[in-house]
1. For the pairs LYS150/LYS336; LYS108/LYS150; LYS47/LYS256; LYS47/LYS108; LYS47/LYS350; LYS129/LYS350, flag any whose C-alpha to C-alpha distance is greater than 27 Å.
2. Before rounding to the nearest 500, sum -39500 (n - 2.57) across all DSSP H runs of length at least 4 in the chain and divide by the residue total; then give [θ] at 222 nm in deg cm²/dmol.
3. Could you state the angle between the C-alpha long axis of helix 148-157 and the longest principal axis of the C-alpha atoms of the chain, as a value from 0 to 90 degrees rounded to the nearest 10?
4. What does the net charge come to around TYR300 if you take all other residues with beta carbon closer than 15 Å to its beta carbon, with K and R at +1 and D and E at -1?
5. Stokes-Einstein diffusion coefficient for the stretch 186-304 at 4 °C in a medium of 1.567 mPa s, Rh from the Kirkwood formula over Cα pairs: what value in µm²/s?
6. Can you pull the one-decimal nm distance between simple spin-label points at ALA305 and VAL374, each 7 Å off the Cα toward Cβ?
7. Of the options ILE94, GLY168, ILE243, report the single residue whose Cα projects farthest towards the positive end of the charge dipole of the chain (beta-carbon charges: Lys, Arg +1; Asp, Glu -1).
8. Give the angle, between 0 and 90 degrees and rounded to the nearest 10, that separates the Cα long axis of helix 317-331 from the longest principal axis of the Cα atoms of the chain.
Amino acid sequence: MTPTDPIANLATLIRCPSVTPAEGGALSALEAMLKPLGFAVDRVVAKDVGTPDIENLYARLGTEGPHLMFAGHTDVVPVGDEAAWSHGPFSADIANGEMYGRGAVDMKGGIACFVAAIARHIEKHGPPKGSVSFLITGDEEGPAINGTTKLLQWAADKGERWDACLVGEPTNPDQLGDMIKIGRRGSLSGRITVNGVQGHAAYPHLADNPVRGILQLTQALMDPPFDNGTESFQASNLEVTTIDVGNSAVNVIPAKATAAFNIRFNDTWTAESLMAEITARLDRAAAAGSLRQDRAPVRYEITWAERPSHVFLTRNNALIDSLSGAVEAVTGRQPKLSTTGGTSDARFIKDYCPVVEFGLVGQTMHMVDERVAVSDLETLTDIYETFISSWFGHAAA
Ligand SMILES: [Zn+2]
């Protein structure tokens with residue numbers, strides 16, 4: 001049986017309990033859908049010290065260009081309080097026109113629809129003139145070390161080259177057709193430590209209070225704004241996410257204070273230029289600040305979180321227009337081209353080919369009772385099928 005029905009495809013995938021890092025049978029189920037369509041399927045296990053081994057899947061139909069990649073993940077976040085679900089998190093039950101299950105929208109649903117779309121395309125027209133591949137990881141919701149990055153590297157090492165990629169993450173805030181993501185902000189995190197001298201609150205001249213310093217430094221990070229946004233991006237935004245002193249006594253000046261921050265940044269910056277700006281702000285605030293009324297210098301240390309996420313923006317018209325046109329043809333709605341929200345695996349794929357993201361409505365992702373409207377599965381399959389025809393038409397022209 002060919003996998004032309006996205007509802008059946010999704011039910012099969014949801015019934016595989018593939019909570020990160022478990023494969024849960026999900027990749028085997030996907031392999032069983034793709035092989036009858038003619039895909040050559042590779043199962044790639046990635047390993048690294050200190051992280052669980054992860055199963056991934058790469059499948060390709062065709063040997064020539066142009067080459068379109070569909071990327072996504074079959075792993076899902078934990079179910080949370082299972083008793084709170086109105087239908088089992090791996091049941092794929094349908095009630096009131098909605099299918100329930102962990103991963104229904106994030107993002108087994110997107111995979112189920114793309115499989116159905118390519119199956120329908122093959123049934124009607126034969127294989128596309130070019131190649132289609134699936135790059136599917138089991139490590140998107142986990143540490144993301146043994147997933148997309150390693151799978152891309154593995155495929156590139158054996159000579160795979162792509163012309164465009166569609167990531168099937170849920171991108172629509174309210175309704176199918178709302179939003180295509182054509183880029184993502186970068187993300188950078190750090191932790192600041194101010195060292196003082198512990199002492200009695202009644203004898204501050206004998207102590208240095210690091211709380212004063214940490215407030216002066218965090219204030220300098222929060223104000224003024226880093227920029228006012230750009231043509232394609234909202235303004236960069238820094239949030240101080242914690243200030244820790246760990247002091248349980250009211251009459252003791254503590255020895256040390258730490259704070260952590262995260263900044264989501266636009267294409268005004270690179271991770272490197274932003275680190276330089278943050279360091280400059282902290283240096284100025286430290287030079288102007290003091291740990292005591294009668295002046296004691298602020299000395300701080302900063303440590304950066306490993307692996308900042310780099311900002312990117314896709315400017316490939318053939319890709320954006322094909323997808324945008326498909327959304328509009330099927331839904332009658334013109335999708336917003338957006339760069340909002342968190343990071344995704346698209347940040348790794350952009351190093352290999354232009355990438356855009358479009359999938360289901362994200363409202364219930366990661367929640368109890370994650371579910372998808374069955375009618376949305378049909379609509380998304382139509383959009384993907386239209387996109388496939390259109391993109392190969394564009395790319396061949
Ligand atoms: Zn996801």
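Bear in mind that the values in this text are calculations on the coordinates, not laboratory data. From a predicted model like this one, the values you see are computed outputs, not experimental measurements. FYI the Cβ positions are ideal-geometry reconstructions off the backbone, even for glycines, and counts take in every protein chain you see.
1. Numbers: LYS150/LYS336 31 Å; LYS108/LYS150 21 Å; LYS47/LYS256 38 Å; LYS47/LYS108 24 Å; LYS47/LYS350 23 Å; LYS129/LYS350 24 Å.
Pairs exceeding the cut-off: LYS150/LYS336; LYS47/LYS256.
2. On the way: 9 runs with 119 residues, N = 397.
Here the helix-only value at 222 nm equals -9500 deg cm²/dmol.
3. Between the helix axis and the principal axis of the chain, the angle is about 60 degrees.
4. Values: positive: ARG191, ARG212, LYS256, ARG281, ARG284, ARG299; negative: ASP208, ASP244, ASP283, GLU301.
Within the 15 Å Cβ shell, the charges total +2.
5. Numbers: Rh = 15.1 Å.
Answer from the Stokes-Einstein relation: 86 µm²/s.
6. 4.1 nm
7. Comparing the listed Cα positions along the dipole, ILE243 ranks first.
8. For helix 317-331, the angle is close to 70 degrees.
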